[in-house]
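Here's the structure, in structure tokens; my notes come after.
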Amino acid sequence: MADHGSIRLHVTAPLAPGASVLLDEGQARYLGAVMRQGPGNRLRLFNGRDGEWHARIETLGKKGVLLAVDERLRPQTPEPDLWLLLAIIKRPALEWAIEKATELGAAEILPVITARSQPARPAPERLRAISVEAAEQCERLTVPLIHPPRPLDAVLRDWPEGRRVVAAIERDAAPPPPAETGPAALLIGPEGGFDARELDAMRRLPFLTPASLGPRILRAETAAVVGLALLQRPSPS
Ligand code: SAM
């Protein structure tokens, strides 16, 4: 197999044959001091728009890295149109769930405030850094868009037409999540679950389908992983 370099970085610059990409100080430190890379070494780049590209380090200094882009390794291809609405849970669990949702292909992640969600607001730049690193590692061609936290009722009030919400509700006689083919979103509650008022309001929404993830009560972060995987299983033909 061709050696295209095992390091894979997300960049914002356009990627095209002959393009130069300037990386910032943080990425220079990562490539030089952590990964021990230098001029001539190869790596892969993606920006969420132009596919995946092979690039070579031209210069690497304390202040930055200059890369020369050459051949395209993969074209940009469509990814699952699946969102995750996740109640704000304790920080380590939330960060784990963001990493796993990125690996599982979530296109957008919406942290939501519910009656029993955690009061602390996650730092958007920290969540973004986690999802960039996970996208680099898992070889996807995009980084999920992470929205600022909003109250769940406001998010559902402004819900876009044509996108189904599959709400994971424990101890419910609902069927498992359907294998989704169109635009969809998975909704996961906080450690203490949704309260009665929230459950009531959800059941009245025509675009929302309750779903069970089985007889055991899963932690919210486990439920996010299971739900995202089930929604993407191939539908029986
Ligand atoms: N209310 C529960 C309690 O306090 O015992 C726990 C809620 S659970 C830890 C957190 C979230 O994970 C729930 O709001 C739900 O979205 C999801 N969840 C966990 N287990 C589930 C299951 N078996 N079926 C569907 N959803 C589940």
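The values are calculated or read from the model by the stated rules, or taken from the named source; none is laboratory data. Remember, it's a predicted structure, so these values are computed and weren't measured experimentally. Positions of Cβ are backbone-derived with ideal geometry, glycine not excepted, and every protein chain shown enters the neighbour counts. Just so you know, the surface numbers come from the protein's heavy atoms only, side chains and all, with ligands and any DNA or RNA stripped out. Shrake-Rupley method; radii C 1.70, N 1.55, O 1.52, S 1.80 Å.
Quick notes on this one:
- Mean accessible surface per residue for the chain, computed with a 1.4 Å probe while every protein chain stays in place, in Å²: 52
- The chain, accessible surface, carbon-and-sulfur percent (1.4 angstrom probe): 54
- Percentage, to the nearest whole number, of Cα pairs in the stretch 8-74 over 18 Å apart: 26
- Working note: Karplus 6.51/-1.76/1.60 with θ = phi - 60° gives the stretch 82-96 the couplings 10, 10, 10, 9, 10, 4, 5, 10, 4, 3, x, 5, 5, 5, 4 Hz, where Gly and Pro are set to x.
- Taking the empirical scaling 2.2 N^0.38 Å for compact globular proteins as reference, the chain has a Cα radius of gyration ratio of 1.15.
- Relative contact order (%) - the chain, alpha-carbon pairs under 8 angstrom, separation at least six: 18
- Interchain or long-range residues, amide H under 5 Å from G51's placed H: Q76
- Taken about its Cα centre, the stretch 79-131 carries a charge dipole of about 420 debye when Lys and Arg each add +1 at the Cβ and Asp and Glu each add -1 at the Cβ.
- Taking a straight Cα-Cα cut-off under 16 Å and skipping sequence neighbours fewer than 8 places away in the same chain, the aspartates and glutamates within cross-link reach of K90 are E99, E191, E221.
- Charged-residue dipole, Cβ positions (Lys, Arg, Asp, Glu), the chain about Cα centre, Debye nearest 20: 360
- 5 Å-binned pair-distance histogram of the stretch 34-138 (Cα, whole percent): 2, 10, 17, 18, 15, 13, 12, 8, 4, 2, 0
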